[in-house]
Amino acid sequence: MSRYNHKHKLSVKAVLYRILFSVVAIAILVAFMPHGNNSTYHYKKGEPWENQAFIAQDSFPILKSAEQIAREQDSLRQFYEPYFLNDIDILDVQLTALRNDFNSSATGTPHYFLPHLGEKLRHIYSVGIVRGEELARFENDKPQQIRVYSGNESSVKPFSSLFTEKSAYEYLLAEQDSSRYNHSLLHGLDLMKYVTPNLTYDAEKSAQQRQEVDGQLVRTKGMVLQGQKVVDKGQIVDEEVLGILHSWEQHQKEHKLTAKEQMSRLGGRILYATILVVLLLLYFQQFRSDYLDSLRTVLLVMTLSLFFPIVTYTIIAHMWGSVFIVPYCVLPIMLRIFLDSRTAFVTHVISILASAIVLAQPFTFVVVQIVAGLVAIYSLRELSQRMELFRAAVWVTLATLLTYLCLEFVRGTADGSQGIISRWPYIFLTMAGVLSMLAYLLLIPIERIFGFTSIVTLVELQNVNNPLLRRLSEEANGTFNHSMQVANLAAEVANRLGARAQLVRTGALYHDIGKLENAVFFTENQNGKNPHDGLSYERSAQIIVQHVENGLRLADKYKLPSIVRDFIATHHGRSLTKYFYVLAQKAQTSLDPRPFTYPGPKPQTLEQAILMMTDAVEAASRSLTEYTEESISSLVEKIIGSQVSDGSFDECAITFREIAEAKEVLCTRLRTVYHTRIQYPE
């Protein structure tokens, strides 16, 4: 059984949380999956068809292009005749008014003008007068002629000949026979009052007539029958093929699913999402149940595993391009950095399977992306430098390009026998490799949001110019040297046991920062006088024990990550300050051990256990009077054996074999540190 897979009975609350997260994940996947009929093909005019041969699943009409429809609509425009209602009574009313004005002597206009003006009025009303705002509606789409009706009779008139109120007035003033009719004599007559629009636009009849004309337009130019091959793999997508593919997409959008089809598709989506979520849960249950106990870990895995399927569904639903441009390898990179390789791979596979369901060629996609994930995990063990991510991105790009090319050879399309090879998939895969380097920018947001600590942050904390470490070296140099020595020893033990060496090294550098508060009370910082000489054993023990609490307070002040803060709390566990406790026992028979006990807790992880062993051994090694192989081995065995017998490692996953290996590494390293030098001759 894995050290991380603790079999324990879950509380009701923990079970409910797991069920809730599972339901939420399934609901998100189902909600973002493209609903209805959506195109899952990516193609461009003039480029070869990248997918397998497209066979029509059902019959559908071939639609004319928008340009062709526009041309045919223009040709049909000559048949469009908007309707206008003719008020035939207006002419008689205006002629009567004109005669009445001439019979009165108020106008001062000669009477022989009356027949002339009457004839002009009859002409403009026979042609038709229309309000200017009604003519403005035809400014962009002028018909050639209109239909004028009155009662049951109708006639056709040229649209261009119609009068407006202004043009009708100008026509009345125009001099057609200047020798006989001097129109300057008409200024005393208000001709504008005889001009009244007699044609009114009939929107209802006009719309009906427009529909009849548009109904003559045929928007299709043939049919594609079920089972007919539309385009073969490698064939160039020309204008004709492009029109057929667009017609198929439109047919897919307009095809309404029955209630039974909708329910069956919804059920399929829910079942598929449920299978994937259950598989992921079973992995954690079988191999890493400790991750399920951590809310932040569950949220990180859930967020990353759902992000890329959602991106894929969005690209497919809106036809924004090829999914090969998406850097899916970012998911295993992030999980490899913050969790472990096996979890990164399993989660990556689940995410890829969730994404592939909406693709036309899921096999190619799944193979290429799984290879990308594996190469990303193999090539990136730790991300302590930007160059490591660049190197991983290069390897991922080369692997995906080579894998895609191999699949082309396997399908027999790489030799060009079935058409011209498309360069676009290779361009997209290269772009995805470049985008994968953006994973470096995601480290800080993930650390801040989910509370994880990356290798980059740990390496930055190891810098001795860090304000807290610099202060430790200046104010408690002995403790600083001790921490440096412990960091080196602990990192070597961690490498031997397969633990996180960078984490142990960082924890070792900061584990004793609490000694800054009372540095002179610790022997490594003393120079002659010992301040404990005037204190009781209990008070001295309390000062020593308090360095753990002081260290936690400084960790909060300097905003150290919680994973480093845990080393400060656990590096002594629940052990006793044995030096003062033994002296106090000799001075009195009845003694309460609580003031002499560190607050703990005991080490919870393998890395914390390594630091506890290394810290105790390194500190005790300074008290040896002689450094021989026997004395060092005896010291290491005594210190670590005492910790084992006291139950210091009861709450962490460490084996007896690992403890034995740790002893071996510590003995070897201490013998190297304290080796005997030869005496030089005087």
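Just so you know, all these numbers are worked out from the coordinates, no wet-lab data involved. What you see is a predicted model; the values in this text were computed from it and never measured. Using ideal geometry, Cβ is built from the backbone for each residue, glycine included, and neighbour counts are taken over all protein chains shown.
Multiplying the residue separation of I444 and D340 by 0.36 nm and removing their Cα-Cα distance gives an extension gain of 35.6 nm. Amide hydrogen proximity for V231: with H placed 1.01 Å from N in the peptide plane, the residues at 5 or more positions away or on another chain lying under 5 Å are F54.
Amide H contacts for Q145 (H built 1.01 Å from N in the peptide plane; partners 5 or more residues away or on another chain; cut-off under 5 Å): F159. Residues V298, V93, V195 in ascending order of nearby Cβ atoms (within 10 Å, fewest first): V93, V298, V195. Listed by chain and number, the aspartates and glutamates placed with their C-alpha closer than 12 angstrom to that of K64 are E72, E239, E240; residues fewer than eight positions away on the same chain are left out. Projecting label points 7 angstrom from Cα along Cα→Cβ for I310 and E460 puts them 2.6 nm apart. Projected label points at M431 and R391, each 7 Å from Cα along the beta carbon direction, are separated by 2.9 nanometres.
Treat the count of other C-beta atoms within 10 Å as a stand-in for reagent exposure and order F656, F21 from fewest to most.
Numbers: F656 9, F21 18.
Fewest-to-most Cβ neighbours within 10 Å comes out as F656, F21.
FRET efficiency for Y17 and R265, Cβ-Cβ distance as r, R0 = 35 Å, nearest 0.05? For Y17 and R265, the calculated efficiency is 0.70. Exposure proxy ranking for L225, L135, based on other Cβ atoms within 10 angstrom of each Cβ and starting from the fewest, stands as L225, L135.
Between R137 and A31, what's the calculated FRET efficiency when r is the beta-carbon distance and R0 is 45 Å? Round to 0.05.
Details: r = 45 Å, r/R0 = 1.01.
Taking R0 as 45 Å, the efficiency between R137 and A31 is 0.50.
Extending 7 Å from Cα along the Cβ direction at Q144 and again at L591 yields two label points whose distance is 11.8 nm.
With a ≥ b ≥ c the root eigenvalues of the C-alpha gyration tensor of the range 466-673, is it rounded (a/c under 1.5), prolate (a/b larger than b/c) or oblate? The shape class here is rounded.
Mind giving me the FRET efficiency for Y378 and R411? R0 is 22 Å, r the Cβ-Cβ distance, nearest 0.05 is fine. With a Förster radius of 22 Å, E is 0.25.
Given their separation in residues at 0.36 nm each and the Cα-Cα distance between them, S294 and V582 gain 99.6 nm when the chain is fully extended.
Which shape class applies to the chain: rounded if a/c is under 1.5, otherwise prolate when a/b exceeds b/c and oblate if not, where a ≥ b ≥ c are the square roots of the Cα gyration tensor eigenvalues? Here the chain falls in the prolate category. Restricting attention to the chain, close to 75% of DSSP beta bridges with both partner residues there are antiparallel. Shown here for the range 455-509: GluC sites (Glu not before Pro) in loop regions (DSSP other than H, G, I, E, B) with at most 15 other Cβ atoms within 10 Å, of which there are none. Among the listed pairs K515/K602; K515/K586; K142/K166, those with a Cα-Cα distance over 22 Å are K515/K586. Entry note, the chain: the mean residue ellipticity at 222 nm calculated from DSSP H runs of n ≥ 4, each adding -39500 (n - 2.57), is -18500 deg cm²/dmol after division by the residues and rounding to the nearest 500.
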